[in-house]
Amino acid sequence: FPVTISTLVNANYEKPSDLHMLQLFQVAPDFYESIVTEVLNLVSTYRPSTVTHQDHLPNWSKPEGTITQFSLLNYSGILDDYTDDHDRSFQKKKFHHSEQYPNLAKFISLFPHATNFRINILHEKSCFTQHQEDLCFFHMITKKPSLRVRFHLPIKTHKEAFMLSDGQLFHFDPGIIYFFHNGTIHDGINQSITESRIHLLWDMLLTQDTFDRMFKRSIDSPFYIN
């Protein structure tokens, strides 16, 4: 699927869209396993925020079941502090736990124009209800129309975990970075009664750097960290 900036803009307004998700590239296996180990350690060590709480930002989408989140990229360094997740800024945000989780820190550093970085956990029999977001917005600093784009890296998944986009179901495989078009009517679903689903999920401003970094690679170009 050839991707241009125009493709992404048009996809935001075409209903239903022809663009739902893209497999972008594979994380080098050794590096991926080190990320998985650190994410699972972090999840078992720290307290998450609970998305189903009424004051949580994504609660507007009326999630069902139990969904928790760790906010990795923010100003405070507090992992259950989600207040900066959707302010559309990447300046001065950082991952404050790089010494404890160096491989996760390396991974986050690969995406310098990320405005947030989250560990999203759909616990057993949980989902967001179908909702729609907007890729396009008016940037308050540059005073120009801007776009943001969303990416997923599955950390723990299984055959009963899906992404829904305009009525189509997609399963995301571990170790693969995906673009997901969240401007469609979409949902994340975990139908398992025994297993959780854990994704790294992040939004990036669609700068030229982001476009070159994310959409000019392929599934045959894995990340390698020297």
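The values are calculated or read from the model by the stated rules, or taken from the named source; none is laboratory data. In this text, all values refer to a predicted model and were calculated from it rather than measured experimentally. In this analysis, Cβ positions are derived from the backbone assuming ideal geometry, glycine residues included, and neighbour counts consider all displayed protein chains. Quick note on the areas: whole protein, heavy atoms, side chains included, nothing else; ligands and nucleic acids left out. Shrake-Rupley method; radii C 1.70, N 1.55, O 1.52, S 1.80 Å.
Hey, which of these cross-link pairs are over 26 Å Cα-Cα: 125/156; 62/93; 94/125; 125/216? Could you put the intermediate results ahead of the total?
On the way: 125/156 15 Å; 62/93 28 Å; 94/125 32 Å; 125/216 36 Å.
As for pairs spanning more than 26 Å Cα to Cα, those are 62/93; 94/125; 125/216.
Take 176, 5 and sort them by solvent-accessible surface of the protein heavy atoms, 1.4 Å probe, largest at the top.
Working: 176 20, 5 70 Å².
Correct descending sequence by accessible area is 5, 176.
Could you give the length gained on full extension between residue 64 and residue 207, defined as 0.36 nm per residue of separation minus the Cα-Cα distance, in nm?
48.1 nm
Obtain the nm distance between the two label points defined at residue 10 and residue 50 by a simple spin-label model: each point lies 7 Å from its Cα along the Cα-to-C-beta direction.
It is 4.6 nm.
Over all alpha-carbon pairs in the chain, figure out the percentage whose distance exceeds 30 Å.
Cα-Cα pairs in the chain separated by more than 30 Å: 17 percent.
Per residue, how much space in cubic angstrom lies within the convex hull of the C-alpha atoms of the stretch 163-208?
Each residue corresponds to 97 Å³ of Cα convex hull volume.
Could you tell me which helices of the chain pass both thresholds, a Cα extent of 20 Å or more along their own axis and a mean Kyte-Doolittle hydropathy of at least -0.5, with helices taken as whole DSSP H runs?
Passing helices, by number: 29-45.
For the stretch 15-135, what does the convex hull of the Cα positions come to per residue, in cubic angstrom?
Considering the Cα atoms of the stretch 15-135, their hull volume per residue is 138 Å³.
Do you know the relative contact order of the stretch 146-226, to the nearest whole percent, from alpha carbon pairs under 8 angstrom that are 6+ apart? Working shown, then result.
Working: 120 pairs, mean separation 31.0, N = 81.
Relative CO of the stretch 146-226 lands at 38 percent.
Over the chain, calculate the relative contact order: mean separation of alpha carbon pairs under 8 Å at least 6 apart, over the residue count, as a percent.
RCO, the chain: 27 percent.
Whole-Hz Karplus ³J(HN,Hα) for the stretch 149-155, in order, using 6.51 cos²θ - 1.76 cosθ + 1.60 and θ = phi - 60°, x for Gly and Pro?
3J(HN,Hα) across the stretch 149-155, in whole Hz: 10, 10, 9, 10, 10, x, 9.
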